[in-house]
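The values are calculated or read from the model by the stated rules, or taken from the named source; none is laboratory data. Computed from a prediction, not measured in an experiment: that's the story for all the values here. Backbone-built Cβ (ideal geometry, glycine too); neighbour counts: all protein chains shown. Accessible surface is based on the protein model in full, side chains and every heavy atom, while ligands, DNA and RNA are left aside. Shrake-Rupley method; radii C 1.70, N 1.55, O 1.52, S 1.80 Å.
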Amino acid sequence: MHDLADRGAPVTPVPTVLAEDGVLLREGLVGVLERFGFPVSAAVGDAEELLTAVTEHRPGLVVTDIRMPPDFGDEGLRAAVRLRREHPGLAVVALSQYVELSYATELLDSQEGRGVGYLLKQRVGDVREFASVLRNVVEGATFVDPEVVRQLLRRSADPLQRLTARERQVLELMAEGHSNGAIARRLVVGDAAVGKHVGNILAKLDLPPDEDVHRRVQAVLAYLRAQAGRSGTG
């Protein structure tokens, strides 16, 4: 890939909003973006500021970290999904140190997968290539780091892979309709231990808190789908 800016070729500026909580990295990214034709309209440090900045500046591109304040969970990813829904045509690139699977599929599926990217920071080895990826995403391309693809495929193949043997036992009993208390009695453990296992199951199955959806039911459905898949391939 070639650096259009360094070759002196004309580059159409793409107004950009950057969200990154690390001050030093944020300032470095601003320099890189502006060098390659992505003037930064706003550089912010959390998801709420990102939403506000996009509404105010109407950029052509958003580059956002995934884990940001206040909880350092998937705030940036959730904000990216929301922005894609509220601003049709907005190109979004998630730039993260982690593969955060929650909402990742929703982000990559948004707007039919056009104009979206998911890059891992530690795998960006050349700023020229990084700038070229951004330019292609703005033009409608999709770019997903191969490691992200591998983990998404792994989760799709078996969403229960990340569970421990005891967590699988608990989930199986949940699928049979047992309450936490009944599960505790069957496994001869305390109620608190079962509650912890259930919490781990929900987290590992990427079931974030949602007022409108019963996460316990979703976990059971994931278990049943996995069991049906095994039956179909046996």
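Within the range 59-106, the set of residues being farther than 15 Å from residue 134 by Cα and hydroxyl-bearing (Ser, Thr, Tyr) comprises 98, 102, 103, 105. Of all the listed residues (97, 122, 161, 169), the sole one being under 30 Å from residue 14 (Cα atoms), in contact with a helix residue (DSSP H, G or I) (Cβ under 7 Å, 6 or more places away or on another chain) and either open to solvent by 70 Å² or more (accessible area, probe 1.4 Å) or at pLDDT 85 or above (or both) is 97. For the range 118-134, a residue qualifies if it is in a helix (DSSP H, G or I) and closer than 17 Å to residue 108 by Cα, and the qualifying residues are 133, 134. Taking residues in the range 88-114 that are closer than 11 Å to residue 77 by Cβ, and partners anywhere that are small (Gly, Ala, Ser), the pairs with Cβ atoms closer than 6 Å and at least 6 places apart or on different chains are 92/80; 94/80; 107/80. Annotation note: of 53, 42, the sole residue that is free of Cβ contacts under 8 Å to residues at least 40 places away in the same chain and open to solvent by 10 Å² or more (accessible area, probe 1.4 Å) is 42.
Assessment of the range 192-205 against the conditions (closer than 30 Å to residue 59 by Cβ, at pLDDT below 85, loosely packed, with under 15 Cβ neighbours inside 10 Å and not β-branched (Val, Ile, Thr)) yields no matching residue.
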